[in-house]
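The values are calculated or read from the model by the stated rules, or taken from the named source; none is laboratory data. In this text, all values refer to a predicted model and were calculated from it rather than measured experimentally. Heads up, the Cβs are rebuilt from the backbone with ideal geometry, glycines too, and the neighbour counts pull from every protein chain shown. These accessible areas exclude ligands, DNA and RNA; they are computed on the full protein's heavy atoms, side chains included. Shrake-Rupley method; radii C 1.70, N 1.55, O 1.52, S 1.80 Å.
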Amino acid sequence: MAEPLPTELPDGLLLAYYGDDFTGSTDVLEAFTAAGVPTVLFLQTPDAAALARFPHARCVGLAGQSRGRDPAWMQAHLRPALRALAGLGAPLLQYKVCSTFDSSPTTGSIGCAIDIGVPLMPGNWSPMVVGAPRLGRYQAFGNLFAVADGQGWRLDRHPTMSRHPVTPMAEADLRRHLGAQTGRARALVDFTQLKAGRGAHALAQCLDGAGEPPIVLVDVLDDDTLREAGRLAWEQRGAGVFTASSSGLQYALAAWWRSQGQLPAPVPLPPAAPAGRMAAVSGSCSPVTARQIDQAEADGFALLRLDLARALGPDAQAEVARVLAAACAALEQGASPLIYTARGPDDPAVHAFDATAASAGLSRAQAGQRTGEVLAATMRALLDRVPALRRIAVAGGDSSGEVAAALGITALTVAAGLAPGAPLCRAWSADARRDGLEIVLKGGQMGAAGFFASVRDGTAAQPTG
């Protein structure tokens, strides 16, 4: 890992975070590592011995799966996780949210996470930074926009997020969206105030007469507002604040620290070496991932569709055995297998998903989790069967969580850069078979069409937007 940061920044941890899914967790890992902030991502709450393996870490993350869970699960599992992270003493405690704000009152409630996290820190406000221009995400007057296929969309009209099968975005104004998830007061520091150098004054107005710490959204449109958002979050942290933010917070903090000479000039992450062969699984139904699967076929990958009706029913073991045998055969022939559940939102498997789940006696959420578990079992068995396989990729936030959790990995650090938000990671594990495994966890909206080939060949892929 890199050496400690300059002494102008406080000693010890600068930030601790819980990622609402595994792909988002590696997004933060990449953003801070690339900025020169040594970061480690744990897959389970770290103890003193685990932390001691990374003495230079200035940011500690914990990969979670709350984005697909209900508030009862969050109360039972997220609360102790955030409490443990708060105990590490970092001045910023972050609940890392997806930059497309995937959430609803019943699934992945960001409002619930805020209500759990705010009392754990002494601060008088809860900053929220969601915009991340590097990822094609922008917030203006509290409304969130995202780029898809080179075109900007208000999130409630976005071709993917407005049709998300679990958490469709029907409201782009994040204050209104959060209003369905929490009764906590919500305020805004907008980009006009930031550009006028009045961010701190605007925040003071938001806090004037406030009771419980309010959620204060901070617009991010460009480099200037990104830097000013970082300034506001850092300079107004007081004795410590809780923040529900995307990796936009990391980009913002790094921009501010660098402007103050507290971080070195950014150095590109090292490129990945070619792997020759790899294996991938995809539980994503995003059109971005669909195009990547199409291109992977053209790039020589062996595509293997997982039959969801069999995978969710009594024939699950037989289905795993079938795709496992086909994946092993592909590897023996020098090809890289890619096991997938769907090719985009219009795939027949997506349209039939509710009926498939019902026939298996499962709810939609249970079926989604079971799908991830089947993909995880398949990848685990493949790695056991082919120990020489040392690079894998997983597409889809829920799938990434299930696969990574099933492999006995303790922690991840960044090994190389690929697409923004989806770095090549080095796995740390007490299991010698898994230690040093190279893994990429990709969100559905991340990466260019040639993403899978870029992972296999070690070439840099450009962002989708």
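The residues of region 7-17 that are open to solvent by 10 Å² or more (accessible area, probe 1.4 Å) and either in contact (Cβ under 8 Å) with a residue 24 or more places away in the chain or in a helix (DSSP H, G or I) (or both), listed by number, are GLU8, PRO10, GLY12, LEU13. Check whether at least one residue in region 252-260 is touching a Lys or Arg at 6+ places or on another chain (Cβ under 8 Å), at pLDDT 95 or above, under 20 Å from ALA419 (Cα atoms) and open to solvent by less than 10 Å² (accessible area, probe 1.4 Å), and report yes or no. The answer is yes; a qualifying residue exists. Please tell me if ARG426 is more than 13 Å from LEU41 (Cα to Cα), of a type outside the set (Gly, Ala, Ser) and surrounded by fewer than 22 Cβ atoms within 10 Å (Cβ to Cβ). So ARG426 does not fit the description; no.
Only a single item in (1) part of a loop (DSSP other than H, G, I, E, B); (2) touching a Lys or Arg at 6+ places or on another chain (Cβ under 6 Å); (3) within 12 Å of LEU308 (Cβ to Cβ) is not met by GLY408, and it is number (3).
Only one entry in ASP435, ASP398 is without any contact (Cβ under 8 Å) to a residue 12 or more places away in the chain and either surrounded by fewer than 21 Cβ atoms within 10 Å (Cβ to Cβ) or not in a loop (DSSP other than H, G, I, E, B) (or both), namely ASP435. Quick check on LEU382: is it under 16 Å from GLU438 (Cα atoms) and open to solvent by less than 30 Å² (accessible area, probe 1.4 Å)? Judged against the criteria, LEU382 is a match. Residues in region 122-139 that are open to solvent by 20 Å² or more (accessible area, probe 1.4 Å), in contact with a helix residue (DSSP H, G or I) (Cβ under 7 Å, 6 or more places away or on another chain) and closer than 25 Å to ALA35 by Cβ: 2 in all.
The number of residues in region 200-231 being in a helix (DSSP H, G or I) and open to solvent by 10 Å² or more (accessible area, probe 1.4 Å) comes to 12.
Out of curiosity, is ALA48 surrounded by 13 or more Cβ atoms within 10 Å (Cβ to Cβ), among the small types (Gly, Ala, Ser), out of contact with any Ser or Thr (no Cβ under 9 Å at 6 or more places or on another chain) and at negative phi? No; evaluated as a whole, the condition is false for this residue.
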